[in-house]
1. Looking only at segment B:390-417, count how many residues are within 27 Å of B:V303 (Cβ to Cβ), outside any helix (DSSP H, G or I) and in contact (Cβ under 8 Å) with a residue 12 or more places away in the chain.
2. Under 9 Å between Cβ atoms, at least 6 apart or on separate chains: pull out the pairs that start in segment B:188-202 with a residue that is in the same structural domain as B:L254 (by TED's automatic domain parsing) and end on any residue that is acidic (D, E).
3. Would you confirm, using the coordinates I've provided, whether B:L222 is within 20 Å of B:T287 (Cβ to Cβ), modelled with pLDDT of 95 or more and in contact with a Lys or Arg (Cβ under 6 Å, 6 or more places away or on another chain)?
4. Tally the residues that are farther than 28 Å from A:V179 by Cβ, surrounded by 13 or more Cβ atoms within 10 Å (Cβ to Cβ) and within 26 Å of the chain's Cα centre (by Cα), restricting the search to segment A:114-158.
5. Quick one: which residue in A:Y288, A:Y305 is of a type in the set (F, W, Y) and free of Cβ contacts under 8 Å to residues at least 60 places away in the same chain?
6. Does B:K199 satisfy being of a type in the set (D, E, K, R) and either over 30 Å from B:D95 (Cα atoms) or within 14 Å of chain A (Cβ to nearest Cβ) (or both)?
7. Hey, among B:A286, B:A218, B:A240, which residue is aliphatic (A, V, I, L, M) and either out of contact with any Phe, Trp or Tyr (no Cβ under 8 Å at 6 or more places or on another chain) or farther than 21 Å from B:I416 by Cα (or both)?
Amino acid sequence: MAHATAVDVASSTSTIGTRPDRGRRGLNERRRSRTGLLFVLPFAVVFLAFLIAPLLYAFYLSLYSKGLATGVVFAGLSNYTTAFTDPSFLKGVWFVVRFALVLIPVQMIVSLALALVLDGLTTRFSRFARLMIFLPYAIPAVIGALMWGFLYSPTFGPMQQIADVFGAQAPFLLDPDHVFGGLMNVVTWQWAGYYMIIIFAALRGIDASVYEAARIDGASSLQIALRVKVPMISSALLLILVFALIGTLQFFTEPQALRLVSNGTITPDFTPNIYAFSQAFAYANFNYASAISFSLGIVVFIAVYVFLFLTRKRGSIA
Amino acid sequence: MRKSILAGVSGIALALALSACATSANNSGGGGSAPSAEESGTSPKLTDCTNKMMNDAPQVSVWGWYPNMATVVDNFNKAHTDVQVCWNNVGQGADEYTKVQTAISAKKGLPDVVMLEADHLSSYAIQDALVDLVPYGANDIKANFSEGAWKDVSQGSKVFAVPVDGGPMALIYRTDVFKKYGITTPPTTWTEFAADAAKVKAAGGPVFGDLGSNVPAAFEALQIQKGAVPFGYDITDPQALTVKLNDQASKDVLNYWADLANKNLVGKVDQFTTDYISGVVGGKYATYTSAAWAPGYLTGAGVGKGKSEGVWAVAPLPQWDTAAPVSVNWGGSTFAVTTQATDKKLAAEVAKGIYADPASLADGWQKQVIFPLSKSVLGSTEFAENKTDFFSGQQANKEVYLPAENAYKGVVYAPITTYYYAQLQAELAKINSGKTTGDQAADELQANIVKYAQSQGFKVTQ
């Protein structure tokens, strides 16, 4: 198709003979863009086959409803009205939104502080510390979560052993009153190192002469960190914010892994993703699970869009 | 900046898509039955079997998780020249059910014969995943089982599985704790149970039992013991479902345990966890309300050795009314033939024959892996007179488990077991955290299950 058009253009330019330059340039551009398409092709195929196609299929599924006793019937958008009025789904969304609101600032502050400190250090210790802080990210999320499950254990966990010395009862960090903090600790531990590396890399990209100029102007180290370094790496901060936002709204792995040791605190509708998983694979309701997944997708999309919109505006004012 | 976000996001998406793909590939591979679904011949050659074949006979794929399954499969294969079993263990209980449910939804990937607990049979039967075994001679073996055991696998005139083992419930207790706190005879009623619990607690002893939220099946059995009939269902009228989860008996049992939990007379730890087992070993629980398979499970988990050696005994389950004792069951498994089976007749032969030969049954009960339901074992003196090692030589079968099994009447399970258990578990967790009363939990559960059942298209009678 593209080939035929190109030949067409070539022949038309040669017969008419006016503005030959532009015609040739157009041909070259087309040829170049064709070569460009070839480069994009492998990605496009995988992207279409493994992302777009499953998405379309899931959307198709979400338009039907299946009852155990009735079989599959076309339901239109009623699965979505059900989802957005389903207390289980809404409770889960509310949990992840609250979780994101608390977790992301904590994570950002921890990783930013670590990166700034490490950037300021020049000893051999800093390289070692960097590796150690990054290490939790190298541990698979499930294994990390299981490990924390043992650390939290009220029978043989170290917290309880320390409490035993004082004859006290350590709080069980996965009971309904503490599960929020207990999970936040696991996620921060897991991801802060990764974000720290991103921020650290951005810091390394800053030209040292900027610091020199600031110092000549009389800025202290703290002032350089907060007034020079932080503004200059704001794009990296934005990046990890978006990552953290998407990741948190899709919260799944850690609570799913800790579910078995949570004494029932982590229910099958704890987060929207766990709810979708339970609906599909435990309750045989792939249709409703698809609708929940799409509804979650809508929530994530809105959250990210609102967020990017807000930050972009602020950037243009500055 | 924008570009890097896009790249990052699509990179994540791709990774997710790939991992999702890998997972599903795993599932169908693990079954070892994908080839059989594609081939139309009568003797598909299966790959991925855990066991070795004894001859070239046609193969039938089986999923099962009995700890001595390897021996059982070999016994079966040695004795058969007309069929060979290709066995895989794809997980125990919920792990397997997730795979079974996925394979049912995908309409391929199920093995020919699958191990299922009796309470899950109607959930799969209603999805047309299980074969009615009556045309394949199920009634020929009916006489081998007790009435209750047979009722658990039947729906009206249809039979969806062959029972293998059961779980008559009893009260396992620690003799050392009982002795230390002056309890001379184990409680015979739930009133005595609560009184003993208070007595031990007042003397500074451990909690008496445990209200684990993750064993809803056991809790349902305790409610049934008080007279609750949670569900009415018959697959011959598949859309009619009776739900009665907030009757007085159900509420009484919930309130009883909520009261014990609020007074800290019982633990609130989920069972089958490392925490719970270490508590059991360490003497943190005076009793364990459990089924006949418990000694084998506990032994495997390391209980009954070292510190907790020789301190265990078993007594009949406490009753609400000693004049009218009720026997209940927790767990126990069956073999069912799936509608995806290539050769259903052959698969039915396997379902009826596997774990039914004397050698396998003896291996199972002697290792305490199963409490067999076959009358050939239940009626034997060897089984009755057996002195259980775990209970320091107590004749547990004769004294406790055999009478319990013989008095078991069977239960009608709903076709929404997984959902019901998840909701009951959530209510039990709420009770444990003191956030609800037994009455509220029962009412909420009833409303919740009725709403779900209606959304699934059932005509619900309350």
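The values are calculated or read from the model by the stated rules, or taken from the named source; none is laboratory data. Not measured: the values here are computed from a predicted model. When we count neighbours, we look across all protein chains shown, and the Cβ atoms used for this are built from the backbone with ideal geometry, even at glycine.
1. Step one: list which residues in segment B:390-417 are within 27 Å of B:V303 (Cβ to Cβ), which gives B:390-405, B:408.
The next check asks that each one be outside any helix (DSSP H, G or I); those that pass are B:390-395, B:408.
So of that shortlist, the ones also in contact (Cβ under 8 Å) with a residue 12 or more places away in the chain come out as B:390-392, B:394, B:408.
Looking only at that region, the number is 5.
2. That search, which allows pairs on different chains as well, returns B:T189/B:D321; B:A194/B:D259.
3. On the way: within 20 Å of B:T287 (Cβ to Cβ): yes; modelled with pLDDT of 95 or more: yes; in contact with a Lys or Arg (Cβ under 6 Å, 6 or more places away or on another chain): no.
It is false that B:L222 is within 20 Å of B:T287 (Cβ to Cβ), modelled with pLDDT of 95 or more and in contact with a Lys or Arg (Cβ under 6 Å, 6 or more places away or on another chain).
4. Result for segment A:114-158: 7.
5. Numbers: A:Y288 fails: free of Cβ contacts under 8 Å to residues at least 60 places away in the same chain.
Testing whether each residue is of a type in the set (F, W, Y) and free of Cβ contacts under 8 Å to residues at least 60 places away in the same chain leaves just A:Y305.
6. Values: of a type in the set (D, E, K, R): yes; either over 30 Å from B:D95 (Cα atoms) or within 14 Å of chain A (Cβ to nearest Cβ) (or both): yes.
Spelling it out, B:K199 is indeed of a type in the set (D, E, K, R) and either over 30 Å from B:D95 (Cα atoms) or within 14 Å of chain A (Cβ to nearest Cβ) (or both).
7. Numbers: B:A218 fails: either out of contact with any Phe, Trp or Tyr (no Cβ under 8 Å at 6 or more places or on another chain) or farther than 21 Å from B:I416 by Cα (or both); B:A240 fails: either out of contact with any Phe, Trp or Tyr (no Cβ under 8 Å at 6 or more places or on another chain) or farther than 21 Å from B:I416 by Cα (or both).
Testing whether each residue is aliphatic (A, V, I, L, M) and either out of contact with any Phe, Trp or Tyr (no Cβ under 8 Å at 6 or more places or on another chain) or farther than 21 Å from B:I416 by Cα (or both) leaves just B:A286.
Residues are listed down the side, and each one gets a yes or a no for (1) more than 14 Å from the chain's Cα centre (by Cα); (2) crowded, with 18+ Cβ neighbours inside 10 Å; (3) of a type in the set (D, E, K, R); (4) more than 14 Å from every other protein chain (Cβ to nearest Cβ):
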{"position": "B:A103", "(1), (2), (3), (4)": "yes, yes, no, no"}
{"position": "B:P111", "(1), (2), (3), (4)": "yes, yes, no, yes"}
{"position": "B:A118", "(1), (2), (3), (4)": "no, yes, no, yes"}
{"position": "B:I126", "(1), (2), (3), (4)": "yes, yes, no, no"}
{"position": "B:P135", "(1), (2), (3), (4)": "yes, no, no, yes"}
{"position": "B:A138", "(1), (2), (3), (4)": "yes, yes, no, yes"}
{"position": "B:S154", "(1), (2), (3), (4)": "yes, yes, no, yes"}
{"position": "B:A170", "(1), (2), (3), (4)": "yes, yes, no, yes"}
